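Quick notes on the structure that follows.
The values are calculated or read from the model by the stated rules, or taken from the named source; none is laboratory data. Because the structure is predicted, anything quoted here is derived from the model rather than measured. Virtual Cβ from ideal backbone geometry, glycine too; neighbours counted across all protein chains shown. Surface areas here come from the heavy atoms of the whole protein model, side chains and all, with no ligands, DNA or RNA. Shrake-Rupley method; radii C 1.70, N 1.55, O 1.52, S 1.80 Å.
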Amino acid sequence: YRAKVNALWSQKRTMQIRRLGWTELKLSTIGLGTWAIGGGGWKFSWGPQDDRDSISTIRHALELGINWIDTAAVYGLGHSEEIVGKSIKRLRYEPIIATKCGRVWDKDGNIFGRLKKKSIRSEVEASLKRLKVEVIDLYQIHWPEPDEDIEEAWSAIADLIKEGKIRYAGVSNFSVEQIKRIQPIHPVASAQSPYSMLERSIEKKLLTYCSENNIGLITYSPMQKGLLTGKFSKERVQNLPEDDHRRRDPRFQEPELSATLKLVEDLRSIAEKNGRTVAQLAIAWVLRRPEVTAAIVGARHPSQIDETIVAGEWVLSKGDITAIEALLEKHQRLVTKTP
């Protein structure tokens with residue numbers, strides 16, 4: 001298997017590779033997201049997940065040219081990191097590993113934010129053990145909560161970089177103002193935020209700030225938790241497992257759900273004209289922005305990788321971008337009920 005991975009990597013797919021800001025990390029424009037791989041039984045799960053499928057998915061992603069994996073301690077309350085660790089164990093090629101801290105849980109599975117120095121140091125050690133690695137390539141504060149402790153957490157992470165436990169440090173779900181507060185302590189390598197056709201708030205300030213300050217920008221949920229894959233219907237939403245957090249997501253409820261399903265059908269014609277799927281179109285649309293280093297694309301089965309990885313090689317035409325923008329404006333008017 002190791003020989004197969006290295007042989008495939010030596011062939012080098014045509015997927016784009018972009019440098020992460022000022023760092024030496026070079027990321028495939030699609031990274032593998034492992035939120036759902038955390039499995040069921042916790043507050044933000046995606047429902048039950050077979051660990052064998054998870055391991056096959058991770059290894060298949062590496063075989064096809066994805067060179068980095070994004071996870072977090074809280075995904076599955078440690079389980080996602082454990083599965084990533086099992087998947088990459090003894091591989092000659094070591095993918096870039098990005099994980100996150102600042103979300104902890106008690107014995108009953110209750111999740112809360114904690115950014116104290118002692119907690120951060122404890123989380124790093126636990127993640128290193130679960131991932132079975134000696135150093136974490138990119139360590140990110142998952143959420144800036146509590147806000148008053150972000151400087152303390154960032155100082156602790158800066159110390160861990162000096163100690164060699166972390167290569168680079170980034171933030172997730174931070175505002176520009178919060179990034180500016182911690183920059184004097186230690187340079188921010190990357191910022192991670194949601195970005196999709198339905199969630200465009202980073203276009204207001206974060207895209208420009210990261211570009212001007214040479215900070216890598218990683219985006220997540222390019223397919224809006226599956227809504228922009230072209231594979232959802234009202235019936236499928238109704239049949240989501242009880243512990244799938246999407247059942248509580250406003251975007252999966254009316255009236256927004258119907259409006260989004262209509263948008264997806266309109267997007268389908270653009271995708272099919274190019275011989276692509278709606279999912280591939282959604283990912284390629286996010287990657288159209290030069291400020292975006294890479295997009296995190298989640299997967300639970302190897303077949304999903306076969307589809308989505310193609311988006312990393314697709315550069316949208318100006319005509320398609322214009323057509324998509326018109327559809328998004330129409331969708332926004334429908335959602336907000338403006339004339």
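Numerical summary
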{"read-out": "Enumeration of residues in the range 130-150 that are of a type in the set (D, E, K, R) and within 24 Å of residue 27 (Cα to Cα)", "value": "130, 132, 134, 137"}
{"read-out": "Candidates 239, 173, filtered to the one that is open to solvent by 10 Å² or more (accessible area, probe 1.4 Å) and in contact with a Ser or Thr (Cβ under 8 Å, 6 or more places away or on another chain)", "value": "173"}
{"read-out": "Whichever residue in the range 34-60 is within 18 Å of the chain's Cα centre (by Cα), hydrophobic (A, V, I, L, M, F, W, C) and assigned to a loop (DSSP other than H, G, I, E, B) and, among such residues, is modelled with the lowest pLDDT", "value": "44"}
{"read-out": "Residue that is nearest to residue 264 (Cα to Cα) [pool: residues in the range 304-339 that are open to solvent by less than 60 Å² (accessible area, probe 1.4 Å) and not in a helix (DSSP H, G or I)]", "value": "316"}
{"read-out": "Hits in the range 192-220 - residues which are surrounded by 20 or more Cβ atoms within 10 Å (Cβ to Cβ), touching a residue at least 60 places away in the same chain (Cβ under 8 Å) and of a type in the set (Ser, Thr, Tyr)", "value": "195, 196, 219, 220"}
{"read-out": "Single condition residue 308 does not satisfy, out of (1) touching a residue at least 40 places away in the same chain (Cβ under 8 Å); (2) hydroxyl-bearing (Ser, Thr, Tyr); (3) over 28 Å from residue 60 (Cα atoms)", "value": "(3)"}
{"read-out": "Single unsatisfied condition, residue 122 versus (1) under 29 Å from residue 18 (Cα atoms); (2) assigned to a helix (DSSP H, G or I)", "value": "(1)"}
{"read-out": "Identity of the residue in the range 113-130, under 16 Å from residue 149 (Cβ atoms) and either among the charged types (D, E, K, R) or at pLDDT below 95 (or both), that ends up least open to solvent (accessible area, probe 1.4 Å)", "value": "123"}
{"read-out": "Residue that is least open to solvent (accessible area, probe 1.4 Å), among those in the range 246-275 that are assigned to a helix (DSSP H, G or I) and more than 24 Å from residue 286 (Cα to Cα)", "value": "247"}
{"read-out": "Residue satisfying condition, being open to solvent by 40 Å² or more (accessible area, probe 1.4 Å), in contact (Cβ under 8 Å) with a residue 12 or more places away in the chain and in contact with a strand residue (DSSP E or B) (Cβ under 8 Å, 6 or more places away or on another chain), within set 167, 181", "value": "167"}
{"read-out": "Pick from the range 83-110, criterion under 22 Å from residue 36 (Cβ atoms) and exposed (fewer than 14 other Cβ atoms within 10 Å of the Cβ), ranking: modelled with the lowest pLDDT", "value": "89"}
{"read-out": "Close pairs from the range 48-64: first closer than 8 Å to residue 302 by Cα and open to solvent by less than 50 Å² (accessible area, probe 1.4 Å), partner of a type in the set (Val, Ile, Thr) and in a helix (DSSP H, G or I), Cβ under 6 Å, at least 6 apart", "value": "60/305; 61/305"}
{"read-out": "Residue tally, condition over 25 Å from the mean Cα position of the chain (by Cα) and among the aliphatic types (A, V, I, L, M), over the range 300-326", "value": "2"}
{"read-out": "Output for the range 72-90, where each listed residue is assigned to a loop (DSSP other than H, G, I, E, B), of a type in the set (Ser, Thr, Tyr) and more than 19 Å from residue 43 (Cα to Cα)", "value": "none"}
